[in-house]
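Below: the structure, in structure tokens.
The values are calculated or read from the model by the stated rules, or taken from the named source; none is laboratory data. What you see is a predicted model; the values in this text were computed from it and never measured. Because the Cβ atoms are built from the backbone with ideal geometry, glycine has one as well, and the counts that use them run over all protein chains shown.
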Amino acid sequence: MRGAADVEANWDVIKQTERPSRSVADGVPLALPALALAAKLQSRGARAGAWTPPSDPGGELQRAAQGAAAEPTERSVAECCWPP
């Protein structure tokens, strides 16, 4: 083993052989606050290869905001939720 990544990969292999039928959500307390729960499940999903984090999460939000700013409207919240 040469580094932390090798140690972590070896640990995952050992744990998988000990408990092969585990879910990503096993052992995660569902009483966690929403953001902590989401972060925990995402990190486990990423380790399992089930989820890949976006390469530029801020960029998506920024492009959406720019698109919304390019088309200003004077609609109320009610009009957005319940169109006429």
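Does any residue in segment 10-34 that is under 19 Å from A46 (Cβ atoms) come within less than 7 Å, Cβ to Cβ, of a residue that is surrounded by fewer than 10 Cβ atoms within 10 Å (Cβ to Cβ) six or more places away or on a different chain, and which pairs are these?
N10/M1
Restricting to segment 1-37, name every residue that is surrounded by 10 or more Cβ atoms within 10 Å (Cβ to Cβ), more than 16 Å from G49 (Cα to Cα) and under 17 Å from the mean Cα position of the chain (by Cα).
Of everything in segment 1-37, those that are surrounded by 10 or more Cβ atoms within 10 Å (Cβ to Cβ), more than 16 Å from G49 (Cα to Cα) and under 17 Å from the mean Cα position of the chain (by Cα) turn out to be V28, L32, A36, L37.
Which of the residues belonging to segment 1-26 are at pLDDT 80 or above and assigned to a loop (DSSP other than H, G, I, E, B)?
Matches in segment 1-26: G3, A25, D26.
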